[in-house]
Amino acid sequence: MKWGLLMIKKIFIFVLLLILIGCTTETSDEISEIESESEFEDEEVSAGDFEYFYEPLIEGIIITKYLGNSADVKIPAEIDGEPVKYIFDGAFSKYTEMTSVTIPDSVEAIFPSAFHGCTGLTSITIPDSVIYLSGFDYCTNLTSIIIPESVEIIGSGAFNHLAGMTEITIPNSVTIIEERAFGYCTGLTEITIPDSVTMIHWLAFSNCTGLTSIEIPDSVTYLSGFDGCTGLTNITIPESVTTIAMSAFSNCTNLKSVTIPNSVTEIASSAFANCTGLTDITIPDSVTKIGYGAFKGCTGFTSVTIPDSVTIIGEAAFSECTELISITISDSVTEIGELAFYGCPNLTNVKLSDSLTTIRDRMFIECTKIASITIPESVTTIGECAFYDCTGLINIIIPDSVTEIEPFAFYGCTNLSDITIPDDVTIGSRTFFNCDSLPETIKNKILQINPDALNQ
């Protein structure tokens, strides 16, 4: 076996070991130690029906591939006198002839996709030696699994796409549920998350459409995982949570009510994107950052107030909120990302922060009902296409602090008739194209600055 592939496996193993012992960082010295221990020493070999290698870091055997053809597979507890401790990624992948497998109690970790697509399996017994449990994604005929109390991490994709599984008990030993662990387990109607769990990762329960309620324990600090759970109607987030992470409740289209506690400091990317059933949201004054697309497509919103604690509103944060009428942005906000309010055709009332320095590209593109807006005196730049096709815009005050208006900024603002333009400003090409209602005095001033800014 080539050393490079083995090295990849070893680093994967090392990272898992760090997780299992609670480490959060890895040093170059530790990586170098792995390399020095590994270089050309460990060859992947076979014995009977198994391909494997010995790993000094765990003082045991890692099975990497099954070579046999038995329907009833028995994994040995030892090979060459050394304990079998890990079953590696893809070791039994798509071995559909297997109808049963015996896993010895020497095994401590079953890696992601270890038994991927083993559709012949109808039941599985996990020994109580296993600490890291994954590997049974797309085993579509598995309907029930008992997770032993030794398991601390339910790993990436562990039971992904097990639509026939109708119930699962997560023991009190589990602290982390990784990404896609129970994704597309559409047969699950309820699940109890024990108060030992501190982290629920991205897409952990994604598209579990049978779930109608979920109780999140107050041990959880990092919350994600419920994307596409269309059966959920209300969520109470406990006060232990500090981060509502990426895609936490995105595409939960029947979600009507969410309570966000004062402990939350970040609402991350797409956290509530396309939650079309939400009609309002209270953002607590503990939140400092609203991430990319956090509330994108929340078509039930009519008004939003950004509290004084928020400093950053990410790109597309409220884009395509088609019923949004008003938004008040506190003066604490120093940055609003591109496309933040793109496609909000009913937005009429906007109060911008006095701390903004830039109106980002395409920030209000196609906000067709904004009639008037005041640019704060803190702003120096109005970005490209910032108010593109804001056909209802009539009046805008641009302060002397603005030194640059970028191309297409007001393109297609057909009703714009009252605008204050500073004397010392640069104006990009086509900035005022199709602004047919501009008075001649304003047009002349624009033409003096940049003849390409207007179509004539």
> To the nearest 0.05, what FRET efficiency results for residue 452 and residue 256 with a Förster distance of 41 Å applied to their C-beta separation?
Replying inline: 0.25
> residue 97 to residue 265: extension gain in nm, 0.36 nm per residue of separation minus the Cα-Cα distance?
Replying inline: 55.5 nm
>> Using the basic label-point model (7 angstrom from Cα toward the beta carbon), what is the residue 233 to residue 369 distance in nanometres?
In response: 2.9 nm
> What FRET efficiency, computed as 1/(1 + (r/R0)^6) with R0 = 30 Å and r the Cβ-Cβ distance, is obtained for residue 213 and residue 285, rounded to the nearest 0.05?
Replying inline: 0.60
> Once fully extended, how much extra length lies between residue 74 and residue 149, figured as 0.36 nm per residue of separation less the alpha-carbon to alpha-carbon distance?
Replying inline: 24.7 nm
>> What FRET efficiency comes out for residue 325 versus residue 128 if R0 is 56 angstrom and r is the Cβ-Cβ distance? Round to the nearest 0.05.
In response: 0.45
>> At a 10 angstrom cut-off on C-beta neighbours, averaged per residue, how do the peptides 107-116, 325-334 rank from highest to lowest?
In response: 107-116, 325-334
> Based only on Cα atoms, what Rg/Rh ratio does segment 114-170 have, Rh being taken as Kirkwood's radius?
Replying inline: 0.92
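Read-outs throughout are calculated quantities, based only on the coordinates presented, and are distinct from any laboratory measurement. Treat the numbers as computed from the prediction; the structure is a model and nothing was measured. Neighbour counts are summed over all protein chains in view; Cβ atoms, including those assigned to glycine, are modelled from backbone coordinates with ideal geometry.
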